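The values are calculated or read from the model by the stated rules, or taken from the named source; none is laboratory data. Fair warning: this is a prediction, and the values are worked out from it, not measured in the lab. Don't worry about glycine lacking a Cβ; one is built from the backbone with ideal geometry, like all the others, and counts go over all protein chains shown. Side chains included, ligands, DNA and RNA excluded: accessible areas come from the protein's heavy atoms. Shrake-Rupley method; radii C 1.70, N 1.55, O 1.52, S 1.80 Å.
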Amino acid sequence: KREPAEALKAEKPEGPVDEFDRGTPRTSMEGFLAANRAGDYERAAEYLDLRRLPEGKAQQEGPILARQLNFVLVSNLWIDLDELSDVPEGRTKDGLPSNRDLIGRIETPEGTVQILMQRVPRGDGVPIWKISSATVHQIPTLWEYFRPGPWVEWAPSFLLDHKVAGLSLVAWILLIGIAGLSLFAGFLATWIILGILRRWRSRFPKP
């Protein structure tokens, strides 16, 4: 007798065999995030649709764009992978073209930027899912709005790409550092005020 989980797996249409597991929107986004967590930005670039960029420029800028987009997503968008489509056709009743799936939206001063996955032909013509060229085109704009400070930008990737309670590790370090500095400043101010009071009392003793 077949187990229910096995039956479900058998009924689920499988995506094409792909080195980077880009057969469905869910597995493709999962692979993109995992590659960034590992600090493998060349691999992460394989999940971006870079066809609008010249070939030489795509190879050079792809890893940079991948890391920048990942930081923006980690900092500004909660992605529930379980909510993404796990079938080769993607979502077919979401009001979008059949070859596009919406991952989420990010608000900027210039308006809303949609983060989209798009089904595109691989080099051999097999359809796979990548982060759409329209989203890739928006990465420089998103980066200008949400990029970290210069020293944060060069922090180790695991600090930038991991979240705890909705905040990246580097954000937690900054918050803890600010809290520590505030406590120190408060202690220092109290010590100075008490010192002034002691001197004032010594100059004007009680009668």
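Per the listing 6, 19, the residue uniquely modelled with pLDDT under 85 and either acidic (Asp, Glu) or touching a Lys or Arg at 6+ places or on another chain (Cβ under 8 Å) (or both) is 6.
If you go through the range 157-171 one residue at a time, do you hit one that is modelled with pLDDT of 95 or more, more than 20 Å from residue 35 (Cα to Cα) and open to solvent by less than 60 Å² (accessible area, probe 1.4 Å)? Taking every residue of the range 157-171 in turn, none turns out to be modelled with pLDDT of 95 or more, more than 20 Å from residue 35 (Cα to Cα) and open to solvent by less than 60 Å² (accessible area, probe 1.4 Å).
Taking the range 30-44 as the region of interest, how many residues are part of a helix (DSSP H, G or I) and surrounded by fewer than 22 Cβ atoms within 10 Å (Cβ to Cβ)? Within the range 30-44, residues that are part of a helix (DSSP H, G or I) and surrounded by fewer than 22 Cβ atoms within 10 Å (Cβ to Cβ) number 8. Exactly one residue out of 107, 83 is within 21 Å of residue 144 (Cα to Cα) and surrounded by fewer than 15 Cβ atoms within 10 Å (Cβ to Cβ): that is 107. Across the range 45-61, the number of residues qualifying as in a loop (DSSP other than H, G, I, E, B), open to solvent by less than 20 Å² (accessible area, probe 1.4 Å) and free of Cβ contacts under 8 Å to residues at least 24 places away in the same chain comes to 0. For residue 85, the conditions (1) touching a helix residue (DSSP H, G or I) at 6+ places or on another chain (Cβ under 6 Å); (2) assigned to a helix (DSSP H, G or I); (3) farther than 18 Å from residue 140 by Cα are fulfilled apart from (2).
Looking at the range 91-104, can you tell me whether even one residue there is open to solvent by 20 Å² or more (accessible area, probe 1.4 Å), among the basic types (Lys, Arg), more than 12 Å from residue 48 (Cα to Cα) and part of a loop (DSSP other than H, G, I, E, B)? Looking through the range 91-104, at least one residue is open to solvent by 20 Å² or more (accessible area, probe 1.4 Å), among the basic types (Lys, Arg), more than 12 Å from residue 48 (Cα to Cα) and part of a loop (DSSP other than H, G, I, E, B). Tell me, please, whether a residue that is in a helix (DSSP H, G or I), small (Gly, Ala, Ser) and crowded, with 22+ Cβ neighbours inside 10 Å can be found in the range 69-78. Looking for residues that are in a helix (DSSP H, G or I), small (Gly, Ala, Ser) and crowded, with 22+ Cβ neighbours inside 10 Å, one finds none in the range 69-78, hence no. Looking at residue 126, is it on the phi < 0 side of the Ramachandran plot, open to solvent by less than 30 Å² (accessible area, probe 1.4 Å) and β-branched (Val, Ile, Thr)? So residue 126 does not fit the description; no. The set of residues in the range 97-141 being more than 26 Å from residue 82 (Cβ to Cβ) and in contact with a helix residue (DSSP H, G or I) (Cβ under 6 Å, 6 or more places away or on another chain) consists of 108 alone.
Between a first residue in the range 109-130 that is over 15 Å from residue 20 (Cα atoms) and a second residue that is in a strand (DSSP E or B) and open to solvent by 70 Å² or more (accessible area, probe 1.4 Å), which pairs have beta carbons less than 9 Å apart while being 6 or more apart in sequence or on different chains? What qualifies is 112/105; 113/105; 113/107; 114/105; 115/105.
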